[in-house]
Amino acid sequence: RTPGEARQYVSSLAPGRRSVGLVPTMGALHAGHLSLVQMSRDRCDATIATIFVNPTQFGPNEDLEKYPRTLERDLELLGAEGVAAVFTPESNAMYPEGFSTFVQPPSVAEPLEGVCRPGHFRGVATVVLKLFHAVPATHAFFGRKDYQQLKVIEAMTRDLGLAIEIIPGDTIREVDGLALSSRNRYLDQAERERALLIRAALAKTEAAVLGGEREIDNLESMMRETLNPAGAADTRDVDAHRVDTRGVDKIDYAVVVDAETLEPIRQLDRRAVALIAAHVGQTRLIDNQVLTDSA
Ligand code: PAF
């Protein structure tokens, strides 16, 4: 329950257990998290998961209070996967009275989520650094679903010379293509159907690239048209009746950018990534697709 206990536990592991894999989560586990646990188990001698709904990465109007908390079930799932231990600190163990030190995240944190969710990556970078310190693992596993988060953590690890290897895990999807997310449980049936437009937009983009399209403007227009077939405004329409129910309710961004820096590009002349953040009902969803110029 405390960083001290976690550190002590890791150092008490049998000396033969040379590699320790860390799977940081906020709980409400699904098959995406469990696939990271499986990757860690395949690669490392011992696997430790963390469950902590980190308050510093939520904005004032975000879903911190209603974020799903399913600790008992999560522990059962992790137990069945054979993790060695689960670190589940209380908030005051991570942020004791008087806490005031934060990580200034790397520049890759600035666009996209950095604009839509100011302070989010400051909270993520801070808690992840604290988790790395509490659980001195050799490897840490993060999903590609949170693409920008992965890039932020990779850059922080590189810039600060942290002795931990970051291993990305593929996005796990429902059979219909919806990327698994703890927030999917907020969607009702009709919203869930509209949420599929996000995957459809990414799949169309990938297909267009395979068909030879290289103009980023064209790819981005295609994504927006798919997300919002009737061409409703990008921000939620003031007159609710004019919101096209076949589209998503609001597009935060639908872009194709450099896959490493996340900076804008004009032509697909390098490895790039299509990234979407969109609202369906009250739920904000993100997804992405890596694109290569030779695809
Ligand atoms: O991806 C998440 O679940 C969280 O952002 C993380 C990495 C566990 C930090 O709180």
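A short reminder: the numbers here are calculations on the coordinates, not readings from a lab. As the structure is a prediction and not an experimental result, all values here were calculated from the model. A quick note on method: Cβ atoms are made from the backbone with ideal geometry, for glycine too, and the neighbour counts reach across all protein chains shown.
Of everything in the stretch 117-139, what is small (Gly, Ala, Ser) and either over 13 Å from Phe52 (Cβ atoms) or within 10 Å of the ligand (Cβ to nearest atom) (or both)? Give them in sequence order. Within the stretch 117-139, Gly119, Gly123, Ala125, Ala137 meet the criteria. Selection of the stretch 116-132 for residues being outside any loop (DSSP other than H, G, I, E, B) and in contact (Cβ under 8 Å) with a residue 60 or more places away in the chain yields Cys116, His120, Phe121, Arg122, Gly123, Val124, Thr126, Val127, Val128, Lys130, Leu131, Phe132.
Total residues in the stretch 166-214 satisfying the condition of being closer than 30 Å to Ser107 by Cβ and either of a type in the set (Phe, Trp, Tyr) or within 16 Å of the ligand (Cβ to nearest atom) (or both): the figure is 12.
Specify the residue that is farthest from the ligand (Cβ to nearest atom); the eligible residues are those in the stretch 45-59 that are of a type in the set (A, V, I, L, M, F, W, C) and in contact with a Phe, Trp or Tyr (Cβ under 9 Å, 6 or more places away or on another chain). Among them, the one singled out is Ile48.
In the stretch 140-165, what residues are within 13 Å of the ligand (Cβ to nearest atom) and either of a type in the set (A, V, I, L, M, F, W, C) or free of Cβ contacts under 8 Å to residues at least 60 places away in the same chain (or both)?
As a first pass, look at the stretch 140-165 and keep what is within 13 Å of the ligand (Cβ to nearest atom): 140-154, 156-157.
Those that are within 13 Å of the ligand (Cβ to nearest atom) and either of a type in the set (A, V, I, L, M, F, W, C) or free of Cβ contacts under 8 Å to residues at least 60 places away in the same chain (or both): Ala140, Phe141, Phe142, Gln149, Leu150, Val152, Ile153, Glu154, Met156, Thr157.
Scanning the stretch 173-185 for residues that are out of contact with any Lys or Arg (no Cβ under 8 Å at 6 or more places or on another chain) and either touching a residue at least 24 places away in the same chain (Cβ under 8 Å) or under 21 Å from Glu260 (Cα atoms) (or both) turns up Ser182, Arg185. Restricting the stretch 245-295 to residues that are among the β-branched types (Val, Ile, Thr) and surrounded by fewer than 19 Cβ atoms within 10 Å (Cβ to Cβ), the residue that is farthest from the chain's Cα centre (by Cα) is Thr245. Kindly indicate whether any position in the stretch 32-46 is surrounded by 14 or more Cβ atoms within 10 Å (Cβ to Cβ), among the small types (Gly, Ala, Ser) and touching a helix residue (DSSP H, G or I) at 6+ places or on another chain (Cβ under 7 Å). No; the residues of the stretch 32-46 include none that is surrounded by 14 or more Cβ atoms within 10 Å (Cβ to Cβ), among the small types (Gly, Ala, Ser) and touching a helix residue (DSSP H, G or I) at 6+ places or on another chain (Cβ under 7 Å). Going by what's in this entry, would Val108 be described as crowded, with 19+ Cβ neighbours inside 10 Å and either away from the ligand (no atom under 12 Å from the Cβ) or of a type in the set (Gly, Ala, Ser) (or both)? In short, yes.
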